[in-house]
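The values are calculated or read from the model by the stated rules, or taken from the named source; none is laboratory data. Note that the structure is predicted; figures quoted are calculated from it, not measured. Quick reminder, even Gly has a Cβ in these numbers, built from the backbone with ideal geometry, and neighbours come from all protein chains shown.
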Amino acid sequence: MNRLENKLRDALKRVEPPTGFSERVLARTLEAKQNARAGLFAWRHLRWGLAGALCLALVMAGIEYRAQEERARSEAAKQQLMLALRIAGDQLQFVWSKVNQP
């Protein structure tokens, strides 16, 4: 157990950092911060682009919905007109046959 404790003590012994270590750490921190800002700036543009695309998609979906609704109403009106013409034709044929009976 003594050998393990010695290895652990050696591994955890305080070591002075090399010269310029703190400057390198600060430089990397500053660089990482600048890269993060650039990434955030790009994300903001992407976010606005996605919001615009979503709005456009919603508008197009609304237009398509109204067009589909209008087609359905037109088809229903066509069916009603065809029924009315069929009834009117039947009535005219009935009257024609009554008028032309000997």
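With the structure loaded, tell me whether residue 90 is of a type outside the set (A, V, I, L, M, F, W, C), in a helix (DSSP H, G or I), surrounded by 10 or more Cβ atoms within 10 Å (Cβ to Cβ) and over 25 Å from the mean Cα position of the chain (by Cα) or whether it fails that test.
Taking the combined requirement at face value, the residue satisfies it.
So if I check each of 42, 57, 27, 51, which one is out of contact with any helix residue (DSSP H, G or I) (no Cβ under 7 Å at 6 or more places or on another chain) and modelled with pLDDT under 85? Full working, then the answer.
On the way: 57 fails: modelled with pLDDT under 85; 27 fails: modelled with pLDDT under 85; 51 fails: modelled with pLDDT under 85.
After ruling out the rest, the residue left standing is 42.
Give 5, 16, 70 a once-over and let me know the one that is without any contact (Cβ under 8 Å) to a residue 12 or more places away in the chain, among the acidic types (Asp, Glu) and surrounded by 10 or more Cβ atoms within 10 Å (Cβ to Cβ).
Sole residue among the options that is without any contact (Cβ under 8 Å) to a residue 12 or more places away in the chain, among the acidic types (Asp, Glu) and surrounded by 10 or more Cβ atoms within 10 Å (Cβ to Cβ): 70.
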